[in-house]
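Presented below is the structure to which this report refers.
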Amino acid sequence: MPLQPDSLTTHSLFHEDCLETSKRLPDSSIDLIYADPPFFTGRIYSMNGCSFDDKWTNATEYIDWLKPRLNEFKRILRPTGSIYIHCDWHLSHYIKVLSDSIFGMNNFVNEIIWKRQSAHNDSKQGSKHFGRIHDTILVYAGSQRYVWNQQYTPYDEAYVEKTYKYVEAKTERKYAVGDLTAPGGASKGNAHYDFLGVERYWRYSEVKMRELFKKGRIEHATGKVPLLKRYLDEMHGKPVQDIWGNINLEFAKKGRYPTQKPEALLERIIATSSNHCQIVYEPFAGSSTAGIVCHKLLRRWIGSEISKEACKFTIERFNKTGFEIQLIPHQENNRNIELTKV
């Protein structure tokens with residue numbers, strides 16, 4: 001009988017291979033998956049007492065290992081859910097093709113380019129390539145009904161000065177003006193009427209336009225085409241695009257887990273693609289950054305990690321927040337890892 005996520009505590013960590021954890025979860029039970037598997041780097045990583053082996057015989061071996069895990073992720077993902085698959089230049093193209101076949105090309109949402117550092121110079125070691133400074137994150141949805149909470153970044157000062165250059169005399173609020181006419185005209189079904197002495201196809205109905213005018217949201221001068229006033233203090237900011245250059249790895253290496261990702265990266269992902277109290281699954285937990293962020297953002301979290309050292313690292317990391325997590329060992333695993341009491 002599958003393990004029911006609702007039977008778990010708010011944050012639960014499974015000490016086992018994520019393939020086994022995924023098989024224990026029921027169909028359509030997870031709202032968001034953040035998958036950060038090994039990158040096929042051919043390296044052994046070690047830092048602060050934690051290590052993992054990312055050496056493979058060839059790409060075929062890696063894809064054969066990843067495929068059954070992605071199939072399980074597909075099965076447990078809700079129709080309203082999303083999965084973010086974190087990879088880099090080594091095998092991102094192979095993983096994209098594999099993921100298309102599993103999740104469906106129609107459910108592909110984005111290829112995110114995460115610029116993790118500003119420069120990488122290994123030319124002194126004889127390299128003959130451009131600096132490799134980005135990771136790739138592939139985003140797929142369970143269906144076209146996936147959760148989406150648009151995220152924003154602050155406007156650049158130069159943009160604000162150029163665009164929001166008007167100041168309302170009475171309120172001293174900065175604002176910009178925008179076009180109220182409707183591109184496409186009749187072909188787009190837009191209304192055509194006379195407004196303030198100007199006859200045009202308009203974006204809004206006549207009733208809506210008069211409401212905006214009454215509220216002081218339309219700027220108008222005799223003989224000029226009316227313009228919509230957009231106040232700076234009502235704007236969310238600039239919608240996040242698919243190149244993320246404002247989140248990097250500039251945090252202390254002391255106390256870090258190898259390949260640990262910044263919390264800001266997971267905050268953006270989790271805030272975008274899940275809602276309060278929904279379940280986020282981190283199958284390759286490592287340092288469990290997604291779990292820490294879920295605690296802050298009031299999401300439920302299930303992590304899976306095969307490494308004993310990584311599980312200990314996660315427990316210690318949660319304890320520093322003053323929060324206790326539930327550790328669930330595999331029945332065949334050594335059970336000598338105990339959850340430290342806060």
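The values are calculated or read from the model by the stated rules, or taken from the named source; none is laboratory data. Only a predicted model underlies this, so the values are computations on that prediction, with no experimental measurement involved. As a convention, Cβ positions derive from the backbone with ideal geometry for all residues, glycine included, and neighbour counts pool all protein chains shown.
Residues that are in contact with a His (Cβ under 8 Å, 6 or more places away or on another chain) number at least 2 in the following strands (runs of 3 or more DSSP E) confined to region 1-57: 11-15, 30-35. Of the residues making up region 156-178, those that are surrounded by 13 or more Cβ atoms within 10 Å (Cβ to Cβ), touching a Leu at 6+ places or on another chain (Cβ under 8 Å) and not hydrophobic (A, V, I, L, M, F, W, C) are 164, 173, 174, 175.
Looking only at region 132-167, which residues are assigned to a loop (DSSP other than H, G, I, E, B) and either at pLDDT below 90 or touching a His at 6+ places or on another chain (Cβ under 7 Å) (or both)? Residues satisfying the conditions are 132, 133. Looking at the structure I just gave you, is residue 271 in contact with a helix residue (DSSP H, G or I) (Cβ under 7 Å, 6 or more places away or on another chain), surrounded by fewer than 24 Cβ atoms within 10 Å (Cβ to Cβ) and assigned by TED's automatic domain parsing to the domain that holds residue 141? Yes, satisfied. Among the residues of region 49-99, those identified as surrounded by 22 or more Cβ atoms within 10 Å (Cβ to Cβ), more than 25 Å from residue 133 (Cβ to Cβ) and either touching a residue at least 60 places away in the same chain (Cβ under 8 Å) or in contact with a Cys (Cβ under 8 Å, 6 or more places away or on another chain) (or both) are 73, 76, 77, 81, 82. Scanning region 255-281 for residues that are in a strand (DSSP E or B) and either free of Cβ contacts under 8 Å to residues at least 40 places away in the same chain or of a type outside the set (Ser, Thr, Tyr) (or both) yields a total of 2. Scanning region 100-117 for residues that are more than 17 Å from the chain's Cα centre (by Cα) and modelled with pLDDT of 95 or more returns 100, 101, 102, 103, 104, 105, 106.
A Cβ distance below 8 Å, combined with a sequence gap of six or more or placement on separate chains, defines the contacts here; from region 152-180, residues that are without any contact (Cβ under 8 Å) to a residue 40 or more places away in the chain reach residues that are among the charged types (D, E, K, R) and outside any strand (DSSP E or B) in the pairs 167/173. Being among the charged types (D, E, K, R), surrounded by fewer than 17 Cβ atoms within 10 Å (Cβ to Cβ) and in contact with a strand residue (DSSP E or B) (Cβ under 6 Å, 6 or more places away or on another chain) is not true of residue 128. Condition first: under 21 Å from residue 230 (Cα atoms) and at pLDDT 95 or above. Now tell me which residues in region 182-195 satisfy that. Correct list: 195 only.
Inside region 197-248, residues that are small (Gly, Ala, Ser) and part of a strand (DSSP E or B) make up a count of 0. Taken over region 183-194, the criterion of being touching a His at 6+ places or on another chain (Cβ under 9 Å) and surrounded by 11 or more Cβ atoms within 10 Å (Cβ to Cβ) is satisfied by 185 alone.
Reported count of residues in region 288-298, each being free of Cβ contacts under 8 Å to residues at least 60 places away in the same chain and either buried (at least 22 other Cβ atoms within 10 Å of the Cβ) or aliphatic (A, V, I, L, M) (or both), is 5. Please indicate, with yes or no, whether at least one residue in region 163-180 is over 30 Å from residue 261 (Cα atoms) and of a type in the set (S, T, N, Q). Within region 163-180 (the criterion being over 30 Å from residue 261 (Cα atoms) and of a type in the set (S, T, N, Q)), the answer is yes, since at least one residue qualifies. Candidates 206, 234, 211, 199: the one that is closer than 29 Å to residue 156 by Cβ and surrounded by fewer than 17 Cβ atoms within 10 Å (Cβ to Cβ) is 234. Looking at region 110-131, can you tell me whether even one residue there is assigned by TED's automatic domain parsing to the domain that holds residue 36, of a type in the set (Phe, Trp, Tyr) and in a strand (DSSP E or B)? Within region 110-131, one or more residues are assigned by TED's automatic domain parsing to the domain that holds residue 36, of a type in the set (Phe, Trp, Tyr) and in a strand (DSSP E or B).
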